[in-house]
Amino acid sequence: MTTKKTEKKDAVAHLAELLQGIKVAMMTTVEADGSIRSRPMWTQNTDFDGELWFFTHDSAPKVDEVQGDHHVNLSYADSSRDRYVSVSGVARLVRDKEKIHKLWDPTLKAWFPKGVDDPNIGLLCVRVNKAEYWDTPNKRMVQLVGFVKSVLTGETYRPGGHEKIDLEDAHSPVH
């Protein structure tokens with residue numbers, strides 16, 4: 001018998017597995033006028049526990065957007081493995097120097113030449129509420145055979161796994 005807590009833990013672990021190896025996400029925020037805007041963001045290497053972390057300049061427009069409307073979407077795609085993940089969550093700006101040091105990678109100097117001591121450096125933390133994924137673990141030839149079969153039989157092509165994951169109950173409220 002699985003409990004709701006076990007199901008949430010399994011969902012977090014499964015989402016972590018799906019995101020493994022996909023470094024860049026398109027982060028979508030809501031502007032003050034209600035329009036939406038997306039930009040590529042580099043996901044930081046951490047053990048996924050329901051939160052995703054991104055370095056940012058604290059004066060970047062996305063920070064204002066997140067402070068105006070905390071809801072964001074992150075879209076991940078790995079076409080080489082036919083894996084696609086859409087994540088919805090709540091973002092907040094974090095200026096915790098200890099966390100910045102912990103997540104720092106030397107390649108970030110391209111965006112933050114002053115390094116971890118840059119006075120404008122910050123982190124966006126996205127607490128994931130919901131996710132949806134499409135995952136086709138089969139080889140291309142198996143996919144092609146399935147596609148041809150659906151064309152010949154008239155049945156809808158279903159290339160792989162698709163599921164919605166709800167993590168909302170796994171978190172406490174955002175502060």
Return the residue satisfying two criteria in turn: it lies in the stretch 8-33 and is open to solvent by 50 Å² or more (accessible area, probe 1.4 Å) and more than 12 Å from Y76 (Cα to Cα), and of such residues it is modelled with the lowest pLDDT.
K9
Any residue at all in the stretch 64-85 that is closer than 16 Å to T46 by Cβ, open to solvent by 20 Å² or more (accessible area, probe 1.4 Å) and assigned to a strand (DSSP E or B)?
no
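Pick from L108, L124: which is under 25 Å from D78 (Cα atoms) and modelled with pLDDT of 95 or more? Before you say what the answer is, go through the steps one by one.
Numbers: L108 fails: modelled with pLDDT of 95 or more.
Of L108, L124, the one residue that is under 25 Å from D78 (Cα atoms) and modelled with pLDDT of 95 or more is L124.
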Pairs, please: C-beta under 9 Å, at least 6 apart or cross-chain, first residue open to solvent by 60 Å² or more (accessible area, probe 1.4 Å) and in the stretch 86-99, second aliphatic (A, V, I, L, M) and not in a strand (DSSP E or B)?
R92/V66; R92/V174; K97/V116
Which members of the stretch 51-65 meet the condition of being aromatic (F, W, Y) and over 27 Å from D166 (Cα atoms)?
none
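Report, by residue number, each residue of the stretch 48-76 that is of a type outside the set (D, E), over 19 Å from N129 (Cα atoms) and free of Cβ contacts under 8 Å to residues at least 60 places away in the same chain.
First pass over the stretch 48-76, keeping only residues of a type outside the set (D, E): 48, 50, 52-57, 59-63, 66-68, 70-76.
Next, only the ones that are over 19 Å from N129 (Cα atoms) stay: 55-57, 59-63.
Matches in the stretch 48-76: A60, P61.
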In the stretch 106-117, what count of residues is obtained for those that are open to solvent by less than 60 Å² (accessible area, probe 1.4 Å) and out of contact with any helix residue (DSSP H, G or I) (no Cβ under 9 Å at 6 or more places or on another chain)?
1
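It is to be established whether one or more residues within the stretch 9-24 are assigned to a strand (DSSP E or B), under 13 Å from the mean Cα position of the chain (by Cα) and closer than 12 Å to V126 by Cβ. Working first, answer last.
If we filter the stretch 9-24 for residues that are assigned to a strand (DSSP E or B), which is where we start, we get 24.
Cutting the leftovers down to under 13 Å from the mean Cα position of the chain (by Cα) gives us 24.
Now narrow it down to the ones that are closer than 12 Å to V126 by Cβ: none.
No, that holds for no residue.
Of all residues in the stretch 62-105, which are of a type in the set (G, A, S) and touching a helix residue (DSSP H, G or I) at 6+ places or on another chain (Cβ under 6 Å)? Full working, then the answer.
So the first thing to find is which residues in the stretch 62-105 are of a type in the set (G, A, S), and the list is 68, 75, 77, 79-80, 86, 88-89, 91.
If the condition is that a residue be of a type in the set (G, A, S) and touching a helix residue (DSSP H, G or I) at 6+ places or on another chain (Cβ under 6 Å), then A91 is the only one that fits.
The values are calculated or read from the model by the stated rules, or taken from the named source; none is laboratory data. Bear in mind the structure is a predicted one, so any value in this text is a computation, not a measurement. Note that each Cβ is placed from the backbone with ideal geometry, even for glycine, and that neighbours are counted across all protein chains shown. The accessibility values were calculated without ligands, DNA or RNA, using every heavy atom of the protein model including side chains. Shrake-Rupley method; radii C 1.70, N 1.55, O 1.52, S 1.80 Å.
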